[in-house]
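No value in this document is a laboratory result; all are computed from the given coordinates. Treat the numbers as computed from the prediction; the structure is a model and nothing was measured. Note that each Cβ is placed from the backbone with ideal geometry, even for glycine, and that neighbours are counted across all protein chains shown.
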Amino acid sequence: FSKDNRLFALGTIDGKIRIWDLSGHTPQRKFKVSTGVVAPFNFLDHGNRLIVWRLADKRWCEWDVAANREIQGWPAMLPPGVLVVSPDERLALSFDSEQQIVCRDFQNQTSLNLPLDEVEGVNIDFSSDGKLLAIPSTLGYARIWNTSNWHEVTTLRGVLNAFYTAVFFANNQRLVTSVKN
């Protein structure tokens, strides 16, 4: 779904993406991205761009929906897991199968493996200004990172089992977490 819930994208096993305009309940676009399984993950730029995972070449791609062309692509893990885009749509973070966090900078078209030392991270979230990143762990802690230099700001502890979610309030002064006890 797009952020405004106006658009919905669906991938198919034969490499096609279908986009529906939910306000008019009508199909909007259909295009072929690959020869195999594809999965749309995030709309960007008010629905004009789409992040898609392709099984055939195990890559993420940023797709220009209107021009029906790939803007850029980069290696992805198999199977796809978490992909989170920063509020300013400048960065995308994904976990690979080894729990390594890969940061894609859309503007510079570069990828960087982040040394964040996260284990069992799930449901990561950026603050609304994009300056902080929260990564809860099923091992019983949640870490907050500064996105300008990727240094740890703090680690939250004090639960018996697992942090599953960490979400910033809009003012970025508070963090809501869910835990399993």
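For Cα extents along the principal axes in Å, the value computed from the atomic coordinates appears in the list (1) 48, 34, 33; (2) 66, 40, 26; (3) 39, 34, 31 under label (1). Put simply, the amide H of Thr165, placed in the peptide plane, has neighbours under 5 Å in Ser178, leaving out anything fewer than 5 places away on its chain.
With the simple spin-label model, which puts each label point 7 Å out from Cα in the Cβ direction, the Arg90 to Val37 separation comes to 3.5 nm.
Here the gap between Arg18 and Gln173, fully extended at 0.36 nm per residue and compared with their Cα-Cα distance, gives a gain of 51.9 nm.
Summary: within the chain, the longest segment free of trypsin sites (Lys or Arg not before Pro) located in DSSP loops with at most 12 other C-beta atoms within 10 Å is 1-156. Counting lysine pairs in the chain that sit 8 or more residues apart in sequence, or on different chains, and whose Cα atoms lie under 28 Å apart gives 11.
Residue separation of Gln100 and Thr154 scaled by 0.36 nm, minus their Cα-Cα distance, works out to 17.5 nm of gained length.
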